[in-house]
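Only one structure is covered here, and it is reproduced in the block below.
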Amino acid sequence: MTIKELIRSAEFEIVAGEKGMDNEVEGGYVGDLLSFVMAHAKEKDVWVTIQGHINSVAVASLLGLSAIILSEGVAADSEMIKKADEEGIPILRTKLSSFDVVCKVSGVIRT
Amino acid sequence: MKLHYQVDGDNFLVAGEASASLKRTLKQLGIDASIIRKISISMYEAEMNMVIHAYGGVIDVELSADKVAIILKDTGPGIPDIELAMKEGYSTATHEIRELGFGAGMGLPNMKRYSDYLNVYSEVGVGTTVEITVYLT
């Protein structure tokens, strides 16, 4: 499944990185501590987090993540948006809690 | 092949650029994705430590047929107790840094876990040198 298809089936707002809309999604990871994300998230995962700053994009880019989903209504700051556009890493935003995002995403990608 | 990077201290806007640049180079060279992952994780942790704790520093990378050797050198405050710093969960990062998601106390443990060889030399008031080696085969 691609990010584009994921957005179509869940209520996520795209705020940056539209170049990466065709990125493939194979799984996901949830977490706000960057070292844990570095150690455990896998290539082609979507990453659910509340870290709406530029360093999240660096982590996603190094790991080859397919997108960052900002949960709990968190906004991406302007540096994050700029970097995500450059790197082609989609940033999606939602008011849902991280738990509810996972429920939604897993319902979509596992069917 | 030798590569050299300058890392700015306390500049979170460009933090991780050296690791990202090495990753692109390794990808172009056709290095296996699982090896690139090991290098990216361990180098990013070391690079971020330099930014967070040591006012930046320099990174030298030597790529050879069988391995990637990364040496990160800073003139920061140094690590008084390396054994303690290696402990999972131990961190001296400030509250502000932790709010960004750093300071989980997993930096050095991740370097150890994802590299094939890790050496940390440090002298308080002088600086720290971290050597990371990852084998390509």
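Annotation note: Cβ proximity below 9 Å between a residue of segment A:31-59 that is facing chain B (nearest Cβ under 9 Å) and without any contact (Cβ under 8 Å) to a residue 24 or more places away in the chain and a residue that is hydroxyl-bearing (Ser, Thr, Tyr) and surrounded by fewer than 24 Cβ atoms within 10 Å (Cβ to Cβ) (sequence gap 6+ or interchain) occurs for A:Gly31/A:Ser98; A:Asp32/A:Ser98; A:Phe36/A:Tyr29; A:Ala39/B:Tyr114; A:Lys42/A:Tyr29.
This table checks each residue for (1) out of contact with any strand residue (DSSP E or B) (no Cβ under 7 Å at 6 or more places or on another chain); (2) of a type outside the set (S, T, N, Q); (3) over 29 Å from B:Met111 (Cα atoms).
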site: A:Thr2; (1), (2), (3): no, no, yes
site: A:Glu13; (1), (2), (3): no, yes, yes
site: A:Leu33; (1), (2), (3): yes, yes, no
site: A:Lys44; (1), (2), (3): no, yes, no
site: A:Val48; (1), (2), (3): no, yes, no
site: A:Ala67; (1), (2), (3): no, yes, no
site: A:Val74; (1), (2), (3): yes, yes, yes
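For segment A:2-40, a residue qualifies if it is crowded, with 21+ Cβ neighbours inside 10 Å and of a type in the set (Phe, Trp, Tyr), and exactly one does: A:Phe12. Taken over segment A:17-30, the criterion of being free of Cβ contacts under 8 Å to residues at least 24 places away in the same chain and among the aliphatic types (A, V, I, L, M) is satisfied by no residue.
Given the structure, is B:Tyr5 closer than 26 Å to A:Ala84 by Cβ and aromatic (Phe, Trp, Tyr)? So B:Tyr5 passes the test.
Taking the criterion of being part of a helix (DSSP H, G or I), facing chain A (nearest Cβ under 9 Å) and crowded, with 21+ Cβ neighbours inside 10 Å, the residues of segment B:9-35 that qualify are B:Ser19, B:Lys23.
Quick one: which helices (runs of 4 or more DSSP H) lie wholly within segment A:1-86 and hold at least 1 residues that are in contact with a His (Cβ under 7 Å, 6 or more places away or on another chain)?
So the answer is none; nothing clears 1.
Bear in mind that the values in this text are calculations on the coordinates, not laboratory data. Since this is a predicted model, take the numbers as computed values, not measurements. Neighbour counts are summed over all protein chains in view; Cβ atoms, including those assigned to glycine, are modelled from backbone coordinates with ideal geometry.
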